[in-house]
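The values are calculated or read from the model by the stated rules, or taken from the named source; none is laboratory data. Owing to the predicted nature of the structure, the values given are computational and were not obtained by experimental measurement. Every residue, glycine as well, gets a Cβ built from its backbone with ideal geometry; the counts of neighbours run over all protein chains shown.
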Amino acid sequence: MYDLIIIRYGEIGLKGDNINDFISQLISNIKRATADLGDFEISTVYGRIFLYAESNQIEKIVARLVNVPGIISLSPAQRFRIGKKIADFNDQDFEKLKNKAVKLFKAEVQNYPTTFKMETTRADKSFPIESPELNRELGGEILREVEGPETPLSVDVHQPEHLFEIEIRRGKIYLFIRREAGPGGLPVKSSGKALLLLSGGIDSPVAGWLGLKRGLSLNAVYFDSPPYTSERAKEKVIDLAKVLSRYGGEIKLQIPYFTEIQQEILKKSPRRYTVTIMRRMMIRIANRLAELNNELALVTGESLGQVASQTLEGLRSSDEVAEFPVLRPLVTMDKNDIIALGKKIGTYEISIRPHEDCCTIFVPDNPATQPKLDTIHFGEEDLEIEKLVNRAVEKMEVITINEGAE
């Protein structure tokens, strides 16, 4: 039935002289996401990308592309070929177009009673029929051929259940009847590389997804603390990284050995400040990894005020040791909104598995909510920070994850 997919981008269209760089990156990401399905012909026209495929491949491709950042929406579509200049479109061609529209409507719409509306985008003004007339003629033909006792059908121009669209561009006519939403945003890799501090919680994978949506390419770091954390806690994080890789491609998940650092902090630092100092050690390790991998920022799942450590003072204490910008996509979001987004992108059900991460286990009864830098510095005096960071990285496990083609 369908022979192409019309892909739309939103924010990319607002770019200036470098718009073609963003479009090229989006096309590259589209090819990556569909590589195992085939090598498909792709063309572009302003505001649109066309991917051509066999009918039996279309739905598989759509299922991949709805996860590709940079795509705002897409539609399986049919081309109507007339074999001549669009300006020479005649009555015989019009009858063929009506028949094609009726067949597409019958194939796509299965549940009745229902309503529909016709909408035409006549970008190619050489087409001899104006949009209102085309809408009226095609809509009338669909009503005549489809509406009946078992298939009640009517036109609703305000809130139709089905929007049947026609686009006429560069001498070609395209028909489609549904739009699938994409993530929007910018293409992955168009904004540079960053390192995600990925825990097993609800927040950090959502922050990672938002980073991907802003065009970041991500690797991730997870701080493992055996035997205090279980193998299942690590498996949970691996599964979260797999979900993110479906949106952004390959992710290198780095798992430094954090147990020794936590033991040293518990022995040598003030109890109320243990979480703050652990967080600073995580940032120091992340600095090292970002430098090794040529990443230009760190991404965290921190918000403001959700937990005791997420105060301005707590965030400032982390930023003091950061050697790269720390991006916090969730900083102003409510928890309910974060949960809703986690459910939408497929991370929430993994995040709520009952396996605690390293920070959760060592939270003191009365943590410092407004940590003072001079007290933090005093609490770190007996720690051999450089040696601890080196050993954590030396014992690091690295897992390459790529679920982008599944």
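Numbers for the structure displayed
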{"item": "Which listed residue is assigned to a loop (DSSP other than H, G, I, E, B) and within 22 Å of the chain's Cα centre (by Cα), from LEU26, LEU37", "result": "LEU37"}
{"item": "The range 108-128 - residue that is assigned to a loop (DSSP other than H, G, I, E, B) and in contact with a strand residue (DSSP E or B) (Cβ under 8 Å, 6 or more places away or on another chain) and, of those, nearest to SER55 (Cα to Cα)", "result": "VAL109"}
{"item": "Selection within the range 289-305 - touching a helix residue (DSSP H, G or I) at 6+ places or on another chain (Cβ under 8 Å) and either more than 20 Å from PRO205 (Cα to Cα) or surrounded by 17 or more Cβ atoms within 10 Å (Cβ to Cβ) (or both)", "result": "LEU289, GLU295, ALA297, LEU298, VAL299, THR300, GLY301, GLU302, SER303"}
{"item": "Subset tally (residues that are loosely packed, with under 11 Cβ neighbours inside 10 Å, more than 26 Å from GLU137 (Cβ to Cβ) and touching a residue at least 24 places away in the same chain (Cβ under 8 Å)) for the range 55-92", "result": "0"}
{"item": "Selected residue (criterion: nearest to the chain's Cα centre (by Cα)) from residues of the range 169-221 that are under 30 Å from LEU104 (Cα atoms) and β-branched (Val, Ile, Thr)", "result": "ILE177"}
{"item": "Qualifying positions in the range 1-17 - touching a residue at least 40 places away in the same chain (Cβ under 8 Å) and not in a helix (DSSP H, G or I)", "result": "MET1, TYR2, ASP3, LEU4, ILE5, ILE6, ILE7, ARG8, TYR9, GLY10"}
{"item": "Any pair with Cβ under 6 angstrom, 6 or more apart, that starts in the range 318-342 at a residue that is in the same structural domain as ASP203 (by TED's automatic domain parsing) and ends at one that is basic (Lys, Arg)", "result": "SER318/ARG279; VAL321/ARG280; VAL321/ARG284"}
{"item": "Within the range 40-54, considering residues that are charged (D, E, K, R) and in a strand (DSSP E or B), the one surrounded by the fewest Cβ atoms within 10 Å (Cβ to Cβ)", "result": "GLU41"}
{"item": "Residue selected from the range 16-28 under the condition touching a Leu at 6+ places or on another chain (Cβ under 9 Å) and not aliphatic (A, V, I, L, M), by the criterion nearest to VAL68 (Cα to Cα)", "result": "GLN25"}
{"item": "Selection count where residues are in a strand (DSSP E or B), farther than 20 Å from ASN99 by Cα and either at pLDDT 95 or above or out of contact with any strand residue (DSSP E or B) (no Cβ under 9 Å at 6 or more places or on another chain) (or both), scope the range 157-177", "result": "0"}
